[in-house]
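The structure under discussion appears below in the form of structure tokens.
The values are calculated or read from the model by the stated rules, or taken from the named source; none is laboratory data. On a predicted model such as this, the values are computed, not experimentally measured, just so you know. Please note: Cβ atoms are built from the backbone with ideal geometry, for glycine as well, and neighbour counts cover all protein chains shown.
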Amino acid sequence: MRLQRLIACATVLAGAVVVSSATVAVAAPTRYEAETSPATCDGTIDTNHAGYSGSGFCNANNAVGAALQFTVNASAAGTATLGIRFANGTTTARPADVLVNGTSVQSASFEGTGAWTTWVTKSLSVSVNAGSNTIRLSPTAADGLPNVDYLDFEVGGGTGGCGSGSFNAEVTQSGSTYTARNGSRTVYTGTSYLSAINGAIGSLTAGRTSQEKVVVRAGGSIGASTVGVPSNTSLEVCGTMNVGNRSGRGAVETVNARNVSIPYLTMTGNPYFGIRVYGMNNLHLGQITMQLSGGLGIRFERDLAANSNVRMDNIFVSGAGSHAVETWNVDGLTVGTVTARNVGESALLLQTTTNAQVGLVDGQNVATGTGYGVFRLANRAGRVGSSYPTNIRVGEVRASGGGRGIFCVSESGGVVIDRITITNTGNNSILLENCYNVTIAAVSGTVSGGGEVRIAARSEFPPSRDISLRNLTVSNTNIRWSPCQGTNNTITNVTRVNSTLYWC
Ligand code: GCU
Ligand code: CA
């Protein structure tokens, strides 16, 4: 039997959930106060700013890494909604890493709320294990955390979450036994996580012309194998999928198909490719979290069929040996956020990719010691026919440490980046090499420390042209156009601090 969610008929009264029918209701979130053990606050529990709940709030020390940690209990593995109530009486946002069970899974920004007595709640979603989990907020800038009142925690709460809503087939787990069912049919029982998932996918209507959904309410290991996702399929994985390395192949593949959605997937292990794609029309990747120990996160293949209409919402990749996300041959790409931590090559690498909208590319310690960078455009990214109309738009690039920040190379361009924050990259903060029609930054940006901002040229392609560097503050690193080739490259409204300009 499927459990129905019945939010509309559940009323929360003084902490009790009153349900007006026999339908099973989903519990309200559980509140964890910042001042109450087992929460730990690297600072003081204060009471001097009114409006907090409980007996105080955490005023963490103003320092990088001065953290607040909650320990929460999850009723099941899946996607949890975090409601973090905070106040920030300054006008500067306070960024922090969000760590679940010790691994950084995303970055959050706690904006100014207007006053220390103005408390607001920020909502985030993260994947959790069943049972006890730690949720740690660790600030990444010297101002530290905002004042934090509490954490509201709920698995699968809010407007959905992994496994909510109707589905056609599901995989469940009891001890080491997996069961795959489609309606009243049991299509697999046994100890193989892979066979259970494949059984559930295989049980969907043959030749279906609209999407059917599989929910995997279980975690496990698929070994060095592949889960294939065919046309008109939605695959939601609410547990953690551990994967092995199958040479040249993806742990999850969706190829030569259409209308595929992977709304949730959390992956660990060392794949060759975490997700491998080619020949897709209409692909949606939702909340994808990859905590890897090698391999490449998401790869759109180079020498195989092209893709159209691809959407990725929030991609987090840590520990990949190669790129977090690498595209080839995509026309029509919408990306919400790519967050990469400690990844060997690029955070987001676009190649032969056109008509792309990207919200945020955020990389820390990406491409260390290599020529790659947090955001890289290469191999005719943004080239439409033989020209470069603006067709790639990026809201923001954040790069800290690692190799390069932004790297555009090999006849790419047609790109506008609104905002950048590039700090202490180990190689060029920005390198534009044989690129055309590139604007950095349409709104504002800072480059501090790290390698030079440079317009360069290799002899095999025409030199860079129509580059606009503007609205930037560049500190403690130089700006260099060299060699002196190319036309209509301009620099306007750039403030330099301890920075020399070498312009042609
Ligand atoms: C003020 C405020 C504190 C806050 C601190 C900060 O001192 O009173 O509650 O924590 O600023 O900047 O973090
Ligand atoms: Ca403080």
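Quick notes
- Selected residue (criterion: nearest to ligand 1 (Cβ to nearest atom)) from residues of the stretch 106-155 that are of a type in the set (S, T, N, Q), part of a loop (DSSP other than H, G, I, E, B) and touching a residue at least 60 places away in the same chain (Cβ under 8 Å): Thr117
- The strands (runs of 3 or more DSSP E) located wholly in the stretch 432-501 that include 3 or more residues which are among the hydroxyl-bearing types (Ser, Thr, Tyr) occupy 465-475, 490-497.
- Residue selected from the stretch 76-86 under the condition hydrophobic (A, V, I, L, M, F, W, C) and away from ligand 1 (no atom under 12 Å from the Cβ), by the criterion surrounded by the fewest Cβ atoms within 10 Å (Cβ to Cβ): Ala76
- Of all the criteria given as (1) out of contact with any Lys or Arg (no Cβ under 8 Å at 6 or more places or on another chain); (2) surrounded by fewer than 24 Cβ atoms within 10 Å (Cβ to Cβ), the one not satisfied by Val343 is (2).
- If the condition is being modelled with pLDDT under 95, exposed (fewer than 15 other Cβ atoms within 10 Å of the Cβ) and within 14 Å of ligand 2 (Cβ to nearest atom), then the stretch 32-52 contributes no residue at all.
- Residue match in the stretch 167-177 (condition: in a loop (DSSP other than H, G, I, E, B) and touching a residue at least 40 places away in the same chain (Cβ under 8 Å)): yes
- Residues in the stretch 352-365 include none that are farther than 21 Å from Gly286 by Cβ and charged (D, E, K, R).
- Single residue of Ala130, Ala169, Ala96 found to be away from ligand 2 (no atom under 16 Å from the Cβ) and touching a Leu at 6+ places or on another chain (Cβ under 8 Å): Ala169
- Residues located in the stretch 55-65, provided they are farther than 11 Å from Tyr150 by Cβ, among the hydrophobic types (A, V, I, L, M, F, W, C) and surrounded by 21 or more Cβ atoms within 10 Å (Cβ to Cβ): Ala60
- Residue in the stretch 87-103 that is surrounded by 19 or more Cβ atoms within 10 Å (Cβ to Cβ), modelled with pLDDT under 90 and out of contact with any Gly (no Cβ under 8 Å at 6 or more places or on another chain) present: no
- Flag for Phe70 being within 32 Å of the chain's Cα centre (by Cα), modelled with pLDDT of 85 or more, aromatic (Phe, Trp, Tyr) and within 16 Å of ligand 1 (Cβ to nearest atom): no
- Identity of the residue in the stretch 363-413, in a strand (DSSP E or B) and among the polar types (S, T, N, Q), that ends up nearest to the chain's Cα centre (by Cα): Gln364
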